[in-house]
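Peer 1: To start, I am sharing the structure in question, which I have written as structure tokens.
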Amino acid sequence: MESVDVVTHRNLTTTHPVYEILAPHFLYLLAINTKAREYLINKNGIVDKTRTIGREGTFEIIRRQLLKWRMDEDGTLPRDLEIRGVEGEGTLPGYYYRDDALLVYGAIQKYVHTYIHVYYDDAGYFGKHHVRKDEQIQAWVAALIAKREPVGGGCEIQGIPLDENGSTISTCDQLVKILTSIIYMCSVSHAVTNFPQYEQYGFQPAYPAGMRGTPPQVTNTVVTEIDIIKAIPPKITCLLEMVEMKFLSTQNTSRLGYFTTRDSIPLKADDALKQLRKDLRKAAEIIMERNSTRTHPYPWASPDNIPNSISI
């Protein structure tokens, strides 16, 4: 998403409708990633000190996944669930991420659809613009699919809904799909991955990221308490990881849907934002009700716990 942030600033003016709908979801993203490169994933940094695979192993996982990641699959929640065979409440009961996140995804998609149609119409009626004739949008899309290069490169994102020529978009539906994916990735997808970290990793024996020795194999060999203790990192490493996870699990910015807009935003666009907030409040209430009957509540996909952006 950092690369998407960069090409958005390169290709869209600050008053462009696409820039305005995305801007709140890029808040502090470049800043937090810069700090991460300086202190978290730098050579001999925290990741090197606390992870078994270290910095280079982490980068290798990212490199492999980037080659496969597709916006129309991995970045589109309903399709992602379908591909993984876990769509539908009757499948894999207790999959709370799916059940709750779909509510928020639907609210985001509805908001983006309404907002874009304030400015654009495929037929160009009522003085609205054509997506295919918007030079800034076409330049932005070109940057999203352009190859990653050290200087002036693009995002090289696969699975963007393009025209048959493979380089442009021409409909509001295509634009809505792209924006919904980006906003979802910057808000919900990041939140449900990031904020449970302390709960998952805070107690080292349960989930040590820096295990020592050879991982246990599926054999008849008995693993003793001494074996487990030997595999757990030294105390100082455990404390460092606990501090790291506690810090990364701290929310410091406004929750999803709550941000300021410029005074001159069209009334219908402002109405779309107000409706988003209503839909998110309703989703939060439904999730709260669900959690009241769950043996282990799942608060992570509630709009009350999702910031607008990747800000930590």
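The values are calculated or read from the model by the stated rules, or taken from the named source; none is laboratory data. All figures in this text were calculated on a predicted structure; none of them were measured in a lab. Virtual Cβ from ideal backbone geometry, glycine too; neighbours counted across all protein chains shown. The accessibility values were calculated without ligands, DNA or RNA, using every heavy atom of the protein model including side chains. Shrake-Rupley method; radii C 1.70, N 1.55, O 1.52, S 1.80 Å.
Peer 1: It is to be established whether one or more residues within segment 102-116 are assigned to a loop (DSSP other than H, G, I, E, B) and buried (at least 17 other Cβ atoms within 10 Å of the Cβ).
Peer 2: Among the residues of segment 102-116, not one is assigned to a loop (DSSP other than H, G, I, E, B) and buried (at least 17 other Cβ atoms within 10 Å of the Cβ), which makes the answer no.
Peer 1: Still on this model: In this structure, does R262 turn out to be touching a Lys or Arg at 6+ places or on another chain (Cβ under 9 Å), open to solvent by 80 Å² or more (accessible area, probe 1.4 Å) and not acidic (D, E)?
Peer 2: It is false that R262 is touching a Lys or Arg at 6+ places or on another chain (Cβ under 9 Å), open to solvent by 80 Å² or more (accessible area, probe 1.4 Å) and not acidic (D, E).
Peer 1: Would you pick out the residues in segment 227-251 that are assigned to a loop (DSSP other than H, G, I, E, B) and open to solvent by 60 Å² or more (accessible area, probe 1.4 Å)?
Peer 2: The answer is P234, Q251.
Peer 1: Exactly one condition in (1) out of contact with any helix residue (DSSP H, G or I) (no Cβ under 7 Å at 6 or more places or on another chain); (2) not in a helix (DSSP H, G or I) is false for K43; which is it?
Peer 2: Of everything listed in (1) out of contact with any helix residue (DSSP H, G or I) (no Cβ under 7 Å at 6 or more places or on another chain); (2) not in a helix (DSSP H, G or I), K43 misses just condition (1).
Each row is one residue, and each column tells you yes or no for (1) among the hydrophobic types (A, V, I, L, M, F, W, C); (2) farther than 22 Å from V176 by Cα; (3) at pLDDT below 95.
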site	(1), (2), (3)
L67	yes, yes, yes
D72	no, no, no
G90	no, yes, yes
K110	no, no, no
Y125	no, no, yes
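Peer 1: Taking only segment 265-299 into account, find how many residues are of a type in the set (S, T, N, Q) and open to solvent by less than 40 Å² (accessible area, probe 1.4 Å).
Peer 2: Residues meeting the conditions: 1.
Peer 1: Testing L27 on (1) of a type outside the set (G, A, S); (2) within 18 Å of the chain's Cα centre (by Cα); (3) open to solvent by 20 Å² or more (accessible area, probe 1.4 Å); (4) under 30 Å from T237 (Cα atoms), one condition comes back false. Which one is that?
Peer 2: Every condition holds for L27 apart from (4).
Peer 1: Taking segment 1-37, which residues are part of a loop (DSSP other than H, G, I, E, B), more than 19 Å from I116 (Cβ to Cβ) and of a type outside the set (A, V, I, L, M, F, W, C)?
Peer 2: Result: Y28, single match.
Peer 1: List pairs: first in segment 267-296 and closer than 17 Å to S187 by Cβ and of a type in the set (A, V, I, L, M, F, W, C), second open to solvent by 80 Å² or more (accessible area, probe 1.4 Å) and in a helix (DSSP H, G or I), Cβ under 9 Å, 6+ apart or cross-chain?
Peer 2: Sorted first by the residue in segment 267-296, then by its partner, the pairs are A272/K110; A272/H113; L276/K110.
Peer 1: Let me ask something else. What number of residues within segment 112-129 are touching a residue at least 24 places away in the same chain (Cβ under 8 Å) and under 15 Å from Q174 (Cα atoms)?
Peer 2: Residues meeting the conditions: 10.
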